[in-house]
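Asks: Here you go, one structure.
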Amino acid sequence: MTTILVGIKRVIDYSVRVRVKPDGSGVVTDGVKMSINPFDEIALEEALRIKERNLASEIIAVSIGPADAQQQLRTALAMGADRAVLVQADGAVPPLSAAKAFLKLVQRHQPLLVILGKQAIDDDNCQTGQMLAALWDRPQATFASKIELEGARARVTREVDAGLETIDMDLPGVITTDLRLNEPRYVKLPDIMKAKKKPLDVVTLAELGVEVPAHGLRTLRFEAPAARSRGVMVHDAAELVAALKQRGVL
Amino acid sequence: MNRILVIAEQLAGKLNVSTAKCVSCASTIPDAEIDVAVLAANAAEAPAQAAALAPVKRVLVVERAENGEALAALLAPQIAALARNGYTHVLGPSTTFGKDLMPRVAALLDVGQVSDLMAVESAHRFRRPVYASNAVVTVEAPADRIVVATVRTASFQPAAGGGAAAIERARLDVPLPGYTRFVGREGGNADRPDLQTAPRVVSGGRALGSADNFQLIHRLAAALGAAVGASRAAVDAGYAPNDLQVGQTGKIIAPELYIALGISGAIQHLTGIKDARTIVAINKDGEAPIFEIADIGLVGDLFQIVPELERLIRAPA
């Protein structure tokens, strides 16, 4: 059995305009649409394509979060994951604890690959994949835009500031996805029905033997960012050049 | 005293400007003593460039053949070993180099990481953006543990030069894994100004309509001595390569002048430019969200306005 583990985080949908609560305790989530983190959808899509090329036989979708994350796992099963595991945790799970939970599942399932999104669009941390690779002492390829599997090796093209970088990694290992890796498929209605019969196991973070340290990094408060104010309108190129000269930038 | 270790970003023995910005961030931590670590196969000019940054006390150079390319799996154990020499903070830039590397360092040190640090409130209290910069959080790291952070480079000016820090060779007996190998790199264009450091940037969006039309952006940028950027829509449409993408999922920049041409202003794009000093938007749709944050706006047809603008800029004053 060749297994791929894929991370599925439940986040506020990317199209929602996020608002900070007036008391600074967090952001407004009541009645807000929740979805799979977009980078995680790309991770799952890539795993499905690898399986469709017969290079993997089983895809396990893993979410670490609240009981409601079962909704996102059901969507992942409808997309094509074979089974799902919810590592249930109340409250925020910091990336290091998430990485430790993934490591426990890695030890249990011995995957060829763990594919995660490069970051979640809620906390924008961009940490879990790299931390898992460190704890597991295996290679990492972050920001992947192309993955080629060749036996026990992967050749990964990464999107870096200087352009594109290609690395070879021995497997098993961790890959995190960038936007241009693929375009995730849409879920069809019959698949949603089928997904209801696929196995979805629930285990708590504590049962896995992972704890969120009480004395770790703490978030003290949320604030709305400083706003930029609307400027002036000009009517043609000559007025624009004059305005730029007046501001001293030309 | 707070002992800060800044991890230098270098390519072929030249320091990336992100290092000077990290040093600048480090110097806002109270009672800081700042060291810079340069890991390379041949560090060349990088140590001297780091030593010239005024706030730096010491430059540690780790030269070893395996450090020829910045592979996180190889650099992280060396940095963790350096960090254990009594440092209170380890900072790297929030560029793809630092984002790849620093969480691996944090995990080896068994601590969480503060990502995209944008302001220092105290030695253990920091501000950082979340939700694509739609919110800013204040976080506190435990005072009895080492702090690992990536620095949001757009939030800091490069540290001043004129310093003369000591340069020391560090020897580390750390075994390195062989499971990751560098194959190659493509992209980047040495002829044009670097997008992340250029004082002027001209960006094009989907409204350009084709890769050919995108030359309009390159010509205006050349007239201004500016770097070229692109929106995600323009990159996805194939008008510009991925390393030109500006925005939350591309590069976050803070130039003196940012000119957005045919970019409507999706939130993820605005996230990447809101620290620019002056933002100019030219778009045919007067209702485009880009105008809500532009300092100077012009509604009209790009294909008429931009060549005229280029002519006026090139004309002798």
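Asks: So, of the residues in region A:203-216 that are at pLDDT 95 or above and surrounded by 14 or more Cβ atoms within 10 Å (Cβ to Cβ), which turns out to be nearest to the other protein chains (Cβ to nearest Cβ)?
Replies: The residue in question is A:Val210.
Asks: Taking the stated definitions as given, is A:Asp170 touching a residue at least 24 places away in the same chain (Cβ under 8 Å), charged (D, E, K, R) and surrounded by fewer than 17 Cβ atoms within 10 Å (Cβ to Cβ)?
Replies: Details: touching a residue at least 24 places away in the same chain (Cβ under 8 Å): yes; charged (D, E, K, R): yes; surrounded by fewer than 17 Cβ atoms within 10 Å (Cβ to Cβ): yes.
Considered against the rule, which asks whether it is touching a residue at least 24 places away in the same chain (Cβ under 8 Å), charged (D, E, K, R) and surrounded by fewer than 17 Cβ atoms within 10 Å (Cβ to Cβ), A:Asp170 comes out as yes.
Asks: Tell me, which helices (runs of 4 or more DSSP H) lie completely within region B:205-317 with 3 or more residues that are within 10 Å of another protein chain (Cβ to nearest Cβ)? Before you say what the answer is, go through the steps one by one.
Replies: Details: elements: B:215-224, B:232-236, B:267-271, B:302-314.
Fully inside region B:205-317 and qualifying: B:232-236, B:267-271, B:302-314.
Asks: Determine if region A:111-121 includes at least one residue that is over 16 Å from the mean Cα position of the chain (by Cα), open to solvent by 30 Å² or more (accessible area, probe 1.4 Å) and more than 9 Å from every other protein chain (Cβ to nearest Cβ). Give the steps one after another, and end with the answer.
Replies: Our first condition is that a residue be over 16 Å from the mean Cα position of the chain (by Cα); within region A:111-121, this holds for A:111-112.
Keeping just the survivors that are open to solvent by 30 Å² or more (accessible area, probe 1.4 Å) gives A:112.
Adding the requirement that they be more than 9 Å from every other protein chain (Cβ to nearest Cβ) leaves A:112.
Yes, because at least one residue in region A:111-121 is over 16 Å from the mean Cα position of the chain (by Cα), open to solvent by 30 Å² or more (accessible area, probe 1.4 Å) and more than 9 Å from every other protein chain (Cβ to nearest Cβ).
Asks: Same structure, new question: If I ask for residues that are touching a helix residue (DSSP H, G or I) at 6+ places or on another chain (Cβ under 7 Å) and surrounded by 14 or more Cβ atoms within 10 Å (Cβ to Cβ), which ones from region A:217-241 would you list?
Replies: Scanning region A:217-241 gives A:Val234, A:Ala237, A:Leu240, A:Val241.
Asks: Against the definition (in a helix (DSSP H, G or I) and on the phi < 0 side of the Ramachandran plot), how does A:Gln119 come out, yes or no?
Replies: No.
Asks: Name the residue, out of B:Arg200, B:Arg192, that is in contact with a strand residue (DSSP E or B) (Cβ under 8 Å, 6 or more places away or on another chain), within 9 Å of chain A (Cβ to nearest Cβ), open to solvent by 50 Å² or more (accessible area, probe 1.4 Å) and not hydrophobic (A, V, I, L, M, F, W, C). Outline the logic, then answer.
Replies: Numbers: B:Arg192 fails: within 9 Å of chain A (Cβ to nearest Cβ).
Checking each option against the conditions leaves just B:Arg200.
Asks: While we're here: When you look at B:Arg145, is it within 21 Å of B:Asn2 (Cα to Cα) and basic (Lys, Arg), yes or no?
Replies: Numbers: within 21 Å of B:Asn2 (Cα to Cα): yes; basic (Lys, Arg): yes.
Taking the combined requirement at face value, the residue satisfies it.
Asks: For region B:153-186, what are the residues that are under 22 Å from A:Arg158 (Cβ atoms), at pLDDT 95 or above and either in a loop (DSSP other than H, G, I, E, B) or of a type in the set (Asp, Glu) (or both)?
Replies: B:Leu176, B:Pro177, B:Gly178, B:Tyr179
Every residue, every condition in (1) under 19 Å from A:Gln246 (Cα atoms); (2) outside the structural domain of B:Tyr131 (by TED's automatic domain parsing); (3) touching a residue at least 40 places away in the same chain (Cβ under 8 Å), yes or no:
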site: B:Ala233; (1), (2), (3): no, yes, no
site: B:Gly238; (1), (2), (3): no, yes, no
site: B:Leu257; (1), (2), (3): yes, yes, yes
site: B:Ser264; (1), (2), (3): no, yes, yes
site: B:Thr278; (1), (2), (3): yes, yes, no
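Asks: What strands (runs of 3 or more DSSP E), lying completely within region B:1-79, carry at least 3 residues that are closer than 22 Å to B:Arg152 by Cα? Steps first, answer last, please.
Replies: Details: elements: B:2-7, B:32-40, B:56-63.
Ranges flagged: B:2-7, B:32-40.
Asks: Which one is farthest from the other protein chains (Cβ to nearest Cβ), of the residues in region B:121-133 that are modelled with pLDDT of 95 or more and either more than 20 Å from the chain's Cα centre (by Cα) or open to solvent by 30 Å² or more (accessible area, probe 1.4 Å) (or both)?
Replies: Ranking the qualifying residues of region B:121-133, first place goes to B:Ala123.
Asks: Output the residues belonging to region A:1-34 that are in contact with a strand residue (DSSP E or B) (Cβ under 6 Å, 6 or more places away or on another chain), farther than 21 Å from A:Leu86 by Cα and either polar (S, T, N, Q) or in contact (Cβ under 8 Å) with a residue 60 or more places away in the chain (or both).
Replies: Listed by number, the residues that qualify are A:Val20, A:Gly24, A:Gly26, A:Val27.
Asks: Let me ask something additional. Restricting region B:283-298 to residues that are open to solvent by 10 Å² or more (accessible area, probe 1.4 Å) and touching a residue at least 12 places away in the same chain (Cβ under 8 Å), which is nearest to A:Val249 (Cα to Cα)?
Replies: So the first thing to find is which residues in region B:283-298 are open to solvent by 10 Å² or more (accessible area, probe 1.4 Å), and the list is B:283-287, B:289, B:292-293, B:295.
Now drop any that are not touching a residue at least 12 places away in the same chain (Cβ under 8 Å), which leaves B:283-286, B:289, B:292-293, B:295.
Details: B:Asn283: 21, B:Lys284: 24, B:Asp285: 25, B:Gly286: 24, B:Pro289: 23, B:Glu292: 20, B:Ile293: 17, B:Asp295: 12 Å.
Checking each candidate, the answer is B:Asp295.
Asks: State whether one or more residues within region B:109-116 are open to solvent by less than 10 Å² (accessible area, probe 1.4 Å) and either more than 9 Å from every other protein chain (Cβ to nearest Cβ) or touching a residue at least 40 places away in the same chain (Cβ under 8 Å) (or both).
Replies: no
Asks: Which ones in region B:70-99 are open to solvent by less than 10 Å² (accessible area, probe 1.4 Å), under 22 Å from the mean Cα position of the chain (by Cα) and not hydrophobic (A, V, I, L, M, F, W, C)?
Replies: Selection gives B:His89, B:Gly92, B:Pro93, B:Thr95, B:Gly98.
Asks: Checking B:Arg84 against (1) within 13 Å of chain A (Cβ to nearest Cβ); (2) within 27 Å of A:His215 (Cβ to Cβ), only one condition comes out false. Which one?
Replies: Among (1) within 13 Å of chain A (Cβ to nearest Cβ); (2) within 27 Å of A:His215 (Cβ to Cβ), B:Arg84 violates only (1).
Asks: For region B:134-141, check the following and say yes or no: at least one residue is open to solvent by 40 Å² or more (accessible area, probe 1.4 Å), of a type outside the set (D, E, K, R) and at the interface with chain A (Cβ under 10 Å from one of its Cβ atoms).
Replies: Of the residues in region B:134-141, the ones open to solvent by 40 Å² or more (accessible area, probe 1.4 Å) are B:140.
Those still in the list that are of a type outside the set (D, E, K, R) too: none.
So far as region B:134-141 goes, no, none of its residues is open to solvent by 40 Å² or more (accessible area, probe 1.4 Å), of a type outside the set (D, E, K, R) and at the interface with chain A (Cβ under 10 Å from one of its Cβ atoms).
The values are calculated or read from the model by the stated rules, or taken from the named source; none is laboratory data. Owing to the predicted nature of the structure, the values given are computational and were not obtained by experimental measurement. Glycine gets a Cβ as well: all are built from the backbone with ideal geometry, and neighbour counts include every protein chain shown. SASA here: full protein model, heavy atoms, side chains in, ligands and nucleic acids out. Shrake-Rupley method; radii C 1.70, N 1.55, O 1.52, S 1.80 Å.
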